[in-house]
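What follows is a set of notes on a single structure, which appears directly below.
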Amino acid sequence: AASIRSSGLRSAAAIRAALGKAPTAAAGVQVIFAALARDLERSRFLYGCPIGTPATEAAAVSDQIQAACREVFDAWVAAYRDALVAEGWAEAAADTQALAIVTAYEGSVTIARALRNTAPVVTTGEDLIARIEAGDTKTSEEDR
C-alpha cells in the first residue's frame, strides 16, 4: 500500500505540474494523454498506470490497498478539478469533469494495453479535450 501511495502521489504532482505549465486545462490534458501514448509505445504496452492493476485486482480484498488507491485517485481528481476551477468552472462541474478525466485515463490505459494500440488513449484524450474546451461550467439547469 505504501508503494501505491508513494507512486500515485508522485503522479499527482506530475499531473499538477503538467496542468500548471499548460496555458489551459485542455492543453494540459493533451500533454498528459500524449505522454501516456508515448510511454505505452516505448514500453511495448508492458507498463501502464502503476495504480490500475492494484486498484482492480487487490483493492477489493485489502482495506489498506483500497485506502491507498482512494487517496491517489482523490489526489488526481483534485489536480484536474483545481485546474478547471482556476479557469472559471463551477466546483460541481469541475468535480464531475475531473472524475471523468481520471476514469477515462484508467479505462483507456487498460484497453490500449490489451489491444497493444494507442488509439484508445488518443481518442479518449481528444474527446476529453473537446469536452473541456466546450466548457460546460454550469452547476445546474438554472444556471444555463
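We did not get these values from a lab; they are worked out from the coordinates using the rules stated. Quantities reported herein were computed from a predicted structural model and do not represent experimental measurements. Here Cβ is always computed from backbone atoms with ideal geometry, including for glycine, and neighbour counts include all displayed protein chains.
List of remarks:
- Coupling constants for the range 70-83 follow from the phi torsions by the Karplus curve (6.51 cos²θ - 1.76 cosθ + 1.60, θ = phi - 60°), and in residue order they are 4, 4, 5, 4, 4, 5, 5, 4, 4, 4, 5, 4, 4, 5 Hz; glycine and proline get x.
- Extending 7 Å from the Cα toward the beta-carbon at both residue 13 and residue 103 defines two label points whose distance is 3.0 nm.
- Stretching residue 115 away from residue 43 to a fully extended chain increases their span by 24.5 nm, per 0.36 nm per residue minus the current alpha-carbon distance.
- Rounded to the nearest 500, the 222 nm mean residue ellipticity of the chain from helices alone is -25500 deg cm²/dmol, with -39,500 (n - 2.57) taken per DSSP H run of at least 4 residues.
- Evaluated at q = 0.20, 0.22, 0.27 Å⁻¹, the base-10 log of the normalised Debye intensity for the range 15-87, with identical point scatterers placed on the Cα atoms, takes the values -0.93, -0.99, -1.09.
- Near residue 102, once Lys and Arg are set to +1 and Asp and Glu to -1 for all other residues with Cβ below 15 Å from its Cβ, the sum equals -2.
- Computed over all pairs of different Cα atoms, the Kirkwood value for the hydrodynamic radius of the range 91-130 is 10.4 Å.
- For the pair the range 1-23 / the range 63-102, the C-alpha centres are spaced 12 Å from each other.
- A simple spin-label model places the labels of residue 90 and residue 122 3.7 nm from each other, with each point 7 Å out along Cα-to-Cβ.
- A simple spin-label model places the labels of residue 57 and residue 130 3.5 nm from each other, with each point 7 Å out along Cα-to-Cβ.
- The residues packed around residue 122, meaning those with a beta-carbon under 12 Å from its beta-carbon, carry a net charge of -2 if Lys and Arg are +1 and Asp and Glu are -1.
- The range 1-131 - convex hull of alpha carbons, volume per residue in Å³: 94
- The chain: angle of helix 119-134 to the longest principal axis, Cα-based, in degrees nearest 10: 20
- Helix 2-21 vs. the chain, principal-axis angle (Cα, 0 to 90°, nearest 10): 30
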